[in-house]
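The values are calculated or read from the model by the stated rules, or taken from the named source; none is laboratory data. These figures come from a predicted structure and were not determined experimentally. Cβ placement follows ideal geometry from the backbone for every residue including glycine, while neighbour counts extend to all protein chains displayed.
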Amino acid sequence: MPILALRSLNKRWGDTHVVRDLDLETREGEFVALLGPSGCGKSTTLRLIAGLEEPTSGAILLDGRDITDAPSARRGIAMVFQSYALFPHLTVAQNITFGLSVRGESRKAQAEKLARVAPLLGLGALLDRRPSQLSGGQQQRVALGRALIAEAPICLLDEPLSNLDAKLRAEMRSEIRALQRRLGLTMIFVTHDQTEAMSMADRVALLNAGRIEQFDTPETLYRRPASAFVARFIGSPPMNLLSPRDLGVFGEALPPTATVGLRPEDVRVVSGGLPGRVVEVEYLGADSVLSVDVGGPRIAVRLQGRPRLGAGAPVELGWDPEALHLFDAETGLRRQAAATPPHLKHVMAT
Ligand SMILES: Nc1ncnc2c1ncn2[C@@H]1O[C@H](COP(=O)(O)OP(=O)(O)OP(=O)(O)O)[C@@H](O)[C@H]1O
Ligand SMILES: [Mg+2]
(Lines give C-alpha, C1' and ligand atoms only; values in the text may rest on other atoms or scores of the structure.)
(Ligands and ions follow the chains in the order given, each with its own letter.)
Protein backbone atom coordinates (compact mmCIF):
# COMPACT_ATOMS: atom_id res chain seq x y z
CA MET A 1 0.00 0.00 0.00
CA PRO A 2 1.26 3.44 -0.85
CA ILE A 3 2.69 5.86 1.68
CA LEU A 4 1.43 9.39 1.42
CA ALA A 5 3.64 12.24 2.59
CA LEU A 6 3.00 15.95 2.87
CA ARG A 7 6.10 18.12 3.07
CA SER A 8 5.85 21.73 4.31
CA LEU A 9 2.54 22.10 2.56
CA ASN A 10 1.08 25.61 2.44
CA LYS A 11 -2.10 27.06 1.02
CA ARG A 12 -3.05 30.71 0.96
CA TRP A 13 -6.17 32.33 -0.40
CA GLY A 14 -4.96 35.89 -0.84
CA ASP A 15 -4.16 37.05 2.68
CA THR A 16 -5.64 34.03 4.45
CA HIS A 17 -3.06 31.43 5.23
CA VAL A 18 -5.22 28.33 5.53
CA VAL A 19 -2.71 25.47 5.56
CA ARG A 20 0.59 26.19 7.31
CA ASP A 21 3.78 24.17 6.92
CA LEU A 22 1.96 20.89 7.11
CA ASP A 23 4.20 17.84 7.51
CA LEU A 24 2.54 14.47 7.71
CA GLU A 25 3.42 10.97 6.61
CA THR A 26 1.10 7.98 6.67
CA ARG A 27 2.17 4.42 7.35
CA GLU A 28 1.14 1.47 5.26
CA GLY A 29 -2.61 0.77 5.45
CA GLU A 30 -3.03 3.39 8.12
CA PHE A 31 -6.23 5.09 9.20
CA VAL A 32 -5.42 8.73 9.90
CA ALA A 33 -7.97 11.17 11.26
CA LEU A 34 -7.63 14.88 10.52
CA LEU A 35 -9.33 16.49 13.47
CA GLY A 36 -9.92 20.12 14.31
CA PRO A 37 -12.46 22.89 14.79
CA SER A 38 -14.48 24.34 11.93
CA GLY A 39 -12.38 26.42 9.54
CA CYS A 40 -8.99 25.00 10.62
CA GLY A 41 -8.19 23.78 7.10
CA LYS A 42 -9.25 20.12 7.11
CA SER A 43 -11.19 20.13 3.82
CA THR A 44 -8.54 22.27 2.16
CA THR A 45 -5.85 19.76 3.16
CA LEU A 46 -7.86 16.89 1.69
CA ARG A 47 -8.49 18.82 -1.52
CA LEU A 48 -4.77 19.49 -1.85
CA ILE A 49 -4.04 15.77 -1.47
CA ALA A 50 -6.71 14.88 -4.02
CA GLY A 51 -5.32 17.44 -6.46
CA LEU A 52 -8.42 19.62 -6.49
CA GLU A 53 -6.47 22.62 -5.23
CA GLU A 54 -2.94 23.70 -5.94
CA PRO A 55 -0.66 24.25 -2.95
CA THR A 56 1.04 27.65 -2.61
CA SER A 57 4.22 25.82 -1.67
CA GLY A 58 5.40 22.42 -0.47
CA ALA A 59 5.14 18.94 -1.90
CA ILE A 60 2.92 15.86 -1.88
CA LEU A 61 4.64 12.51 -2.29
CA LEU A 62 3.20 9.09 -3.00
CA ASP A 63 5.72 6.32 -2.27
CA GLY A 64 8.44 8.92 -2.59
CA ARG A 65 7.17 10.05 -6.01
CA ASP A 66 6.33 13.74 -6.28
CA ILE A 67 2.67 14.04 -7.32
CA THR A 68 2.28 17.72 -6.39
CA ASP A 69 1.55 18.62 -10.01
CA ALA A 70 -0.06 15.37 -11.11
CA PRO A 71 -3.63 15.64 -12.38
CA SER A 72 -6.25 14.57 -9.89
CA ALA A 73 -7.49 11.60 -11.91
CA ARG A 74 -3.99 10.12 -12.13
CA ARG A 75 -3.26 10.04 -8.40
CA GLY A 76 -5.10 6.81 -7.51
CA ILE A 77 -6.92 8.62 -4.74
CA ALA A 78 -10.67 8.38 -4.09
CA MET A 79 -12.49 11.08 -2.18
CA VAL A 80 -15.83 11.50 -0.47
CA PHE A 81 -16.79 15.16 -0.31
CA GLN A 82 -18.29 16.97 2.61
CA SER A 83 -21.15 18.02 0.30
CA TYR A 84 -21.75 14.75 -1.43
CA ALA A 85 -22.40 16.14 -4.93
CA LEU A 86 -24.51 13.29 -6.29
CA PHE A 87 -25.85 13.42 -9.83
CA PRO A 88 -29.57 14.18 -9.44
CA HIS A 89 -30.62 12.57 -12.73
CA LEU A 90 -28.86 9.26 -12.04
CA THR A 91 -30.12 6.44 -9.83
CA VAL A 92 -28.30 5.34 -6.70
CA ALA A 93 -26.77 2.42 -8.62
CA GLN A 94 -25.62 4.67 -11.45
CA ASN A 95 -24.22 7.21 -9.01
CA ILE A 96 -22.15 4.57 -7.27
CA THR A 97 -20.82 3.01 -10.46
CA PHE A 98 -20.37 6.29 -12.33
CA GLY A 99 -16.58 6.35 -11.97
CA LEU A 100 -16.31 2.74 -13.13
CA SER A 101 -18.33 3.38 -16.27
CA VAL A 102 -16.24 6.46 -17.07
CA ARG A 103 -13.19 4.21 -16.84
CA GLY A 104 -14.88 1.82 -19.28
CA GLU A 105 -15.30 -1.14 -16.95
CA SER A 106 -17.64 -3.84 -18.23
CA ARG A 107 -21.25 -3.91 -17.05
CA LYS A 108 -20.61 -7.27 -15.48
CA ALA A 109 -17.66 -6.01 -13.42
CA GLN A 110 -19.67 -2.96 -12.38
CA ALA A 111 -22.61 -5.09 -11.27
CA GLU A 112 -20.36 -7.40 -9.28
CA LYS A 113 -18.66 -4.57 -7.45
CA LEU A 114 -21.99 -2.86 -6.81
CA ALA A 115 -23.36 -6.07 -5.34
CA ARG A 116 -20.44 -6.12 -2.90
CA VAL A 117 -20.55 -2.47 -1.86
CA ALA A 118 -24.31 -1.77 -1.68
CA PRO A 119 -25.12 -4.20 1.17
CA LEU A 120 -22.17 -2.93 3.19
CA LEU A 121 -23.77 0.48 3.17
CA GLY A 122 -27.36 -0.71 3.56
CA LEU A 123 -28.29 0.57 0.11
CA GLY A 124 -29.44 -2.70 -1.39
CA ALA A 125 -33.12 -1.71 -1.47
CA LEU A 126 -32.53 1.81 -2.73
CA LEU A 127 -30.53 1.23 -5.88
CA ASP A 128 -33.24 2.40 -8.28
CA ARG A 129 -34.05 5.64 -6.45
CA ARG A 130 -32.75 9.07 -7.32
CA PRO A 131 -30.89 11.27 -4.82
CA SER A 132 -33.92 13.54 -4.31
CA GLN A 133 -35.81 10.50 -2.99
CA LEU A 134 -33.21 9.80 -0.28
CA SER A 135 -32.64 11.16 3.20
CA GLY A 136 -29.45 13.08 3.91
CA GLY A 137 -27.88 10.08 5.59
CA GLN A 138 -28.73 7.83 2.65
CA GLN A 139 -27.22 10.32 0.23
CA GLN A 140 -24.10 10.34 2.33
CA ARG A 141 -23.85 6.58 2.11
CA VAL A 142 -24.18 6.74 -1.68
CA ALA A 143 -21.25 9.16 -1.75
CA LEU A 144 -19.28 6.75 0.42
CA GLY A 145 -20.17 3.86 -1.90
CA ARG A 146 -18.92 5.81 -4.87
CA ALA A 147 -15.48 6.17 -3.25
CA LEU A 148 -15.26 2.61 -1.91
CA ILE A 149 -16.21 0.99 -5.21
CA ALA A 150 -13.23 2.67 -6.87
CA GLU A 151 -10.96 0.44 -4.74
CA ALA A 152 -8.33 3.16 -4.81
CA PRO A 153 -5.45 2.43 -2.45
CA ILE A 154 -5.89 5.80 -0.79
CA CYS A 155 -9.30 6.99 0.27
CA LEU A 156 -10.03 10.48 1.56
CA LEU A 157 -13.23 11.04 3.51
CA ASP A 158 -14.47 14.50 4.42
CA GLU A 159 -16.86 14.22 7.38
CA PRO A 160 -18.67 11.27 5.80
CA LEU A 161 -20.84 10.58 8.82
CA SER A 162 -21.95 14.08 9.77
CA ASN A 163 -25.53 13.67 8.54
CA LEU A 164 -26.27 10.34 10.15
CA ASP A 165 -28.17 9.83 13.37
CA ALA A 166 -26.24 8.64 16.43
CA LYS A 167 -27.03 4.93 16.06
CA LEU A 168 -26.30 4.72 12.35
CA ARG A 169 -23.19 6.75 12.91
CA ALA A 170 -21.83 4.29 15.44
CA GLU A 171 -22.60 1.40 13.07
CA MET A 172 -20.97 3.11 10.12
CA ARG A 173 -17.87 3.88 12.19
CA SER A 174 -17.15 0.22 12.72
CA GLU A 175 -18.23 -0.68 9.15
CA ILE A 176 -15.79 1.80 7.65
CA ARG A 177 -13.03 0.71 9.99
CA ALA A 178 -13.60 -2.97 9.18
CA LEU A 179 -13.72 -2.25 5.46
CA GLN A 180 -10.53 -0.20 5.64
CA ARG A 181 -8.73 -3.04 7.45
CA ARG A 182 -10.06 -5.74 5.16
CA LEU A 183 -9.13 -3.88 1.97
CA GLY A 184 -5.87 -2.61 3.49
CA LEU A 185 -6.71 0.93 2.42
CA THR A 186 -4.85 3.98 3.57
CA MET A 187 -7.60 6.27 4.77
CA ILE A 188 -7.56 9.90 5.71
CA PHE A 189 -10.71 10.76 7.51
CA VAL A 190 -11.72 14.33 8.30
CA THR A 191 -13.88 15.02 11.30
CA HIS A 192 -14.44 17.67 13.95
CA ASP A 193 -15.76 15.00 16.32
CA GLN A 194 -13.06 13.86 18.76
CA THR A 195 -14.92 10.66 19.63
CA GLU A 196 -15.00 9.68 15.99
CA ALA A 197 -11.31 10.41 15.53
CA MET A 198 -10.25 8.70 18.76
CA SER A 199 -12.33 5.57 18.23
CA MET A 200 -11.50 5.01 14.57
CA ALA A 201 -7.99 6.22 13.85
CA ASP A 202 -4.58 4.62 14.21
CA ARG A 203 -3.22 8.14 14.50
CA VAL A 204 -4.88 11.52 14.82
CA ALA A 205 -3.56 14.77 13.37
CA LEU A 206 -5.08 17.60 15.36
CA LEU A 207 -5.16 20.85 13.39
CA ASN A 208 -5.43 24.33 14.83
CA ALA A 209 -5.64 27.29 12.46
CA GLY A 210 -3.90 25.43 9.64
CA ARG A 211 -1.09 23.93 11.75
CA ILE A 212 -0.66 20.46 13.20
CA GLU A 213 -0.72 20.71 16.99
CA GLN A 214 0.00 17.02 17.43
CA PHE A 215 0.10 13.93 15.23
CA ASP A 216 0.10 10.77 17.28
CA THR A 217 -1.93 7.82 18.52
CA PRO A 218 -5.25 8.53 20.27
CA GLU A 219 -3.71 7.32 23.54
CA THR A 220 -0.80 9.71 23.37
CA LEU A 221 -3.06 12.63 22.52
CA TYR A 222 -5.09 11.82 25.60
CA ARG A 223 -2.26 10.95 27.99
CA ARG A 224 0.42 13.36 26.89
CA PRO A 225 -1.20 16.25 25.02
CA ALA A 226 1.54 18.34 23.40
CA SER A 227 -0.23 21.62 24.12
CA ALA A 228 -3.06 23.15 26.09
CA PHE A 229 -5.07 23.27 22.86
CA VAL A 230 -4.81 19.49 22.45
CA ALA A 231 -5.57 19.02 26.14
CA ARG A 232 -8.83 20.95 25.81
CA PHE A 233 -9.82 19.43 22.49
CA ILE A 234 -9.40 15.77 23.47
CA GLY A 235 -11.44 14.40 26.37
CA SER A 236 -14.96 15.08 27.56
CA PRO A 237 -15.63 17.16 29.53
CA PRO A 238 -12.42 18.96 28.57
CA MET A 239 -9.36 19.02 30.81
CA ASN A 240 -9.44 21.63 33.59
CA LEU A 241 -6.81 24.30 32.91
CA LEU A 242 -5.85 26.27 36.00
CA SER A 243 -3.12 28.47 37.33
CA PRO A 244 -1.03 27.04 40.22
CA ARG A 245 -2.56 29.76 42.44
CA ASP A 246 -6.02 28.24 41.92
CA LEU A 247 -4.83 25.08 43.69
CA GLY A 248 -3.93 26.90 46.91
CA VAL A 249 -1.34 25.06 48.96
CA PHE A 250 -1.38 22.21 46.44
CA GLY A 251 -0.10 24.54 43.74
CA GLU A 252 2.76 25.99 45.76
CA ALA A 253 5.42 23.67 44.43
CA LEU A 254 4.41 24.19 40.81
CA PRO A 255 6.16 26.70 38.57
CA PRO A 256 4.13 29.95 38.71
CA THR A 257 4.41 30.46 34.93
CA ALA A 258 2.77 27.12 34.21
CA THR A 259 -0.79 26.31 33.30
CA VAL A 260 -1.88 23.24 35.20
CA GLY A 261 -4.05 20.66 33.48
CA LEU A 262 -6.18 18.17 35.37
CA ARG A 263 -8.64 15.82 33.73
CA PRO A 264 -12.11 15.67 35.34
CA GLU A 265 -11.76 11.88 35.57
CA ASP A 266 -8.49 12.24 37.53
CA VAL A 267 -10.04 14.31 40.32
CA ARG A 268 -11.56 12.61 43.39
CA VAL A 269 -13.54 13.71 46.39
CA VAL A 270 -11.26 13.17 49.42
CA SER A 271 -10.76 14.47 52.93
CA GLY A 272 -7.95 16.92 53.46
CA GLY A 273 -7.86 18.05 49.84
CA LEU A 274 -8.52 21.33 48.04
CA PRO A 275 -11.71 22.79 49.54
CA GLY A 276 -14.58 23.87 47.29
CA ARG A 277 -18.32 23.89 46.90
CA VAL A 278 -20.46 21.99 44.40
CA VAL A 279 -22.15 24.39 41.99
CA GLU A 280 -23.80 21.97 39.62
CA VAL A 281 -24.24 18.24 39.13
CA GLU A 282 -24.76 16.86 35.66
CA TYR A 283 -25.98 13.27 35.79
CA LEU A 284 -25.04 11.25 32.69
CA GLY A 285 -26.04 7.71 33.64
CA ALA A 286 -22.83 5.77 34.11
CA ASP A 287 -21.23 8.81 35.70
CA SER A 288 -21.80 12.39 36.76
CA VAL A 289 -19.90 15.60 36.24
CA LEU A 290 -19.64 17.94 39.19
CA SER A 291 -18.74 21.55 38.76
CA VAL A 292 -16.88 22.61 41.90
CA ASP A 293 -16.14 26.23 42.80
CA VAL A 294 -12.70 26.37 44.44
CA GLY A 295 -12.78 30.08 45.15
CA GLY A 296 -13.09 31.63 41.72
CA PRO A 297 -12.34 29.06 39.06
CA ARG A 298 -14.44 25.95 38.72
CA ILE A 299 -13.11 22.45 38.46
CA ALA A 300 -15.02 19.77 36.60
CA VAL A 301 -14.95 16.44 38.43
CA ARG A 302 -16.13 13.21 36.89
CA LEU A 303 -17.46 10.62 39.34
CA GLN A 304 -18.99 7.20 38.81
CA GLY A 305 -22.75 6.84 39.15
CA ARG A 306 -24.83 9.50 40.88
CA PRO A 307 -23.00 11.04 43.85
CA ARG A 308 -24.86 11.93 47.03
CA LEU A 309 -23.78 15.52 46.65
CA GLY A 310 -26.11 18.29 45.63
CA ALA A 311 -25.49 21.89 44.64
CA GLY A 312 -24.03 23.82 47.57
CA ALA A 313 -22.37 20.81 49.22
CA PRO A 314 -18.85 21.43 50.53
CA VAL A 315 -16.24 19.03 49.12
CA GLU A 316 -12.50 18.55 49.13
CA LEU A 317 -10.69 17.50 45.99
CA GLY A 318 -7.61 15.34 45.55
CA TRP A 319 -5.62 13.83 42.69
CA ASP A 320 -2.50 11.78 42.02
CA PRO A 321 0.48 14.04 41.46
CA GLU A 322 1.17 12.07 38.27
CA ALA A 323 -2.21 13.16 36.91
CA LEU A 324 -1.13 16.79 36.61
CA HIS A 325 -0.22 18.11 33.17
CA LEU A 326 1.93 21.21 32.94
CA PHE A 327 1.85 23.64 30.05
CA ASP A 328 3.72 26.86 29.49
CA ALA A 329 1.26 29.63 30.30
CA GLU A 330 2.52 31.74 27.41
CA THR A 331 3.10 29.29 24.56
CA GLY A 332 0.66 26.62 25.70
CA LEU A 333 3.27 23.94 25.03
CA ARG A 334 3.71 20.97 27.32
CA ARG A 335 6.50 21.13 29.91
CA GLN A 336 8.06 18.40 31.99
CA ALA A 337 6.14 17.59 35.14
CA ALA A 338 7.54 19.06 38.33
CA ALA A 339 8.16 16.97 41.43
CA THR A 340 5.61 17.18 44.22
CA PRO A 341 7.03 18.00 47.65
CA PRO A 342 6.88 14.91 49.87
CA HIS A 343 4.76 16.59 52.57
CA LEU A 344 1.87 17.03 50.13
CA LYS A 345 2.11 13.69 48.42
CA HIS A 346 -0.02 11.64 50.76
CA VAL A 347 -2.81 14.23 50.85
CA MET A 348 -3.01 14.53 47.09
CA ALA A 349 -2.96 10.81 46.60
CA THR A 350 -5.68 9.93 49.11
N1 LIG B 1 -11.94 28.93 -2.13
C2 LIG B 1 -11.67 29.62 -0.99
N3 LIG B 1 -11.38 30.92 -1.01
C4 LIG B 1 -11.08 31.61 0.11
N5 LIG B 1 -11.07 31.06 1.34
C6 LIG B 1 -11.35 29.76 1.43
C7 LIG B 1 -11.66 28.96 0.29
N8 LIG B 1 -11.90 27.70 0.71
C9 LIG B 1 -11.76 27.72 2.05
N10 LIG B 1 -11.42 28.95 2.49
C11 LIG B 1 -11.16 29.34 3.89
O12 LIG B 1 -10.15 28.51 4.41
C13 LIG B 1 -10.39 28.19 5.76
C14 LIG B 1 -10.36 26.69 5.94
O15 LIG B 1 -11.45 26.12 5.25
P16 LIG B 1 -11.72 24.55 5.24
O17 LIG B 1 -12.93 24.32 4.41
O18 LIG B 1 -10.48 23.84 4.88
O19 LIG B 1 -12.05 24.31 6.79
P20 LIG B 1 -12.54 22.99 7.52
O21 LIG B 1 -11.53 22.71 8.58
O22 LIG B 1 -12.83 21.92 6.54
O23 LIG B 1 -13.88 23.48 8.24
P24 LIG B 1 -15.31 22.71 8.47
O25 LIG B 1 -15.11 21.83 9.67
O26 LIG B 1 -16.23 23.83 8.76
O27 LIG B 1 -15.65 21.97 7.22
C28 LIG B 1 -11.71 28.83 6.13
O29 LIG B 1 -11.45 30.03 6.82
C30 LIG B 1 -12.35 29.10 4.79
O31 LIG B 1 -13.18 30.24 4.85
MG1 LIG C 1 -14.58 21.00 5.92
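Determine if region 58-77 includes at least one residue that is within 23 Å of residue 176 (Cβ to Cβ), in contact with a Leu (Cβ under 7 Å, 6 or more places away or on another chain), away from ligand 1 (no atom under 16 Å from the Cβ) and part of a strand (DSSP E or B). The answer is yes; a qualifying residue exists. Beta carbons closer than 6 Å, at least 6 apart along the sequence or on distinct chains, pair a first residue in region 37-61 that is more than 23 Å from residue 231 (Cβ to Cβ) with a second that is assigned to a loop (DSSP other than H, G, I, E, B) and of a type outside the set (A, V, I, L, M, F, W, C) for 43/82; 47/53; 48/55; 51/75; 59/68; 60/68.
Yes/no per residue for (1) at pLDDT 90 or above; (2) surrounded by 13 or more Cβ atoms within 10 Å (Cβ to Cβ):
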position: 51; (1), (2): yes, yes
position: 54; (1), (2): yes, no
position: 59; (1), (2): yes, yes
position: 63; (1), (2): yes, no
position: 67; (1), (2): yes, yes
position: 70; (1), (2): yes, yes
position: 77; (1), (2): yes, yes
position: 81; (1), (2): no, yes
position: 86; (1), (2): yes, yes
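Checking each residue in region 35-51 for being within 15 Å of the chain's Cα centre (by Cα) and of a type outside the set (D, E, K, R) picks out 35, 36, 37, 38, 39, 40, 41, 43, 45, 46.
Residues that are of a type in the set (D, E, K, R) and more than 13 Å from ligand 1 (Cβ to nearest atom) within region 192-224 comprise 202, 203, 213, 216, 219, 223, 224, listed in sequence order.
Selection of region 289-303 for residues being of a type outside the set (Lys, Arg) and modelled with pLDDT of 95 or more yields 289, 290, 291, 292, 293, 294, 299, 300, 301, 303. Exactly one residue out of 180, 138 is touching a helix residue (DSSP H, G or I) at 6+ places or on another chain (Cβ under 8 Å) and not charged (D, E, K, R): that is 138. Looking across region 160-176, the residues that are part of a loop (DSSP other than H, G, I, E, B) and surrounded by fewer than 21 Cβ atoms within 10 Å (Cβ to Cβ) come down to 162, 163, 164, 165. Within region 149-171, residues that are outside the structural domain of residue 121 (by TED's automatic domain parsing) reach no partner that is within 16 Å of ligand 1 (Cβ to nearest atom) and assigned to a loop (DSSP other than H, G, I, E, B) with beta carbons closer than 8 Å at six or more positions or on different chains.
In the condition set (1) more than 16 Å from ligand 2 (Cβ to nearest atom); (2) out of contact with any helix residue (DSSP H, G or I) (no Cβ under 7 Å at 6 or more places or on another chain); (3) not in a loop (DSSP other than H, G, I, E, B), residue 105 is compliant with all but (3). Kindly check whether there is at least one residue in region 43-54 that is touching a Leu at 6+ places or on another chain (Cβ under 9 Å), within 16 Å of ligand 1 (Cβ to nearest atom) and part of a loop (DSSP other than H, G, I, E, B). Looking for residues that are touching a Leu at 6+ places or on another chain (Cβ under 9 Å), within 16 Å of ligand 1 (Cβ to nearest atom) and part of a loop (DSSP other than H, G, I, E, B), one finds at least one in region 43-54, hence yes. Of the listed requirements (1) crowded, with 17+ Cβ neighbours inside 10 Å; (2) away from ligand 1 (no atom under 16 Å from the Cβ); (3) of a type in the set (D, E, K, R); (4) under 20 Å from residue 46 (Cβ atoms), residue 246 misses just one: (4). Taking the listed residues 317, 309, the one that is more than 28 Å from the chain's Cα centre (by Cα), buried (at least 17 other Cβ atoms within 10 Å of the Cβ) and modelled with pLDDT of 95 or more is 317, with no other qualifying. Screening the candidates 111, 143 for the property of being touching a residue at least 60 places away in the same chain (Cβ under 8 Å) and assigned to a helix (DSSP H, G or I) yields one hit, 143. Taking into account only those residues within region 171-191 that are at pLDDT 85 or above and either within 15 Å of residue 140 (Cβ to Cβ) or in contact with a Leu (Cβ under 7 Å, 6 or more places away or on another chain) (or both), which is nearest to ligand 1 (Cβ to nearest atom)? Within region 171-191, the match that is nearest to ligand 1 (Cβ to nearest atom) is 190. Screening 219, 252 for residues that are assigned by TED's automatic domain parsing to the domain that holds residue 37 and surrounded by fewer than 20 Cβ atoms within 10 Å (Cβ to Cβ) leaves exactly one candidate, 219.
Just for region 16-49: of the residues that are charged (D, E, K, R) and away from ligand 2 (no atom under 11 Å from the Cβ), which one is modelled with the lowest pLDDT? Residue satisfying both the conditions and the ranking: 28. Confirm whether residue 14 is within 16 Å of ligand 1 (Cβ to nearest atom), free of Cβ contacts under 8 Å to residues at least 24 places away in the same chain and not aromatic (Phe, Trp, Tyr). Here the answer is yes, as residue 14 does meet what is asked.
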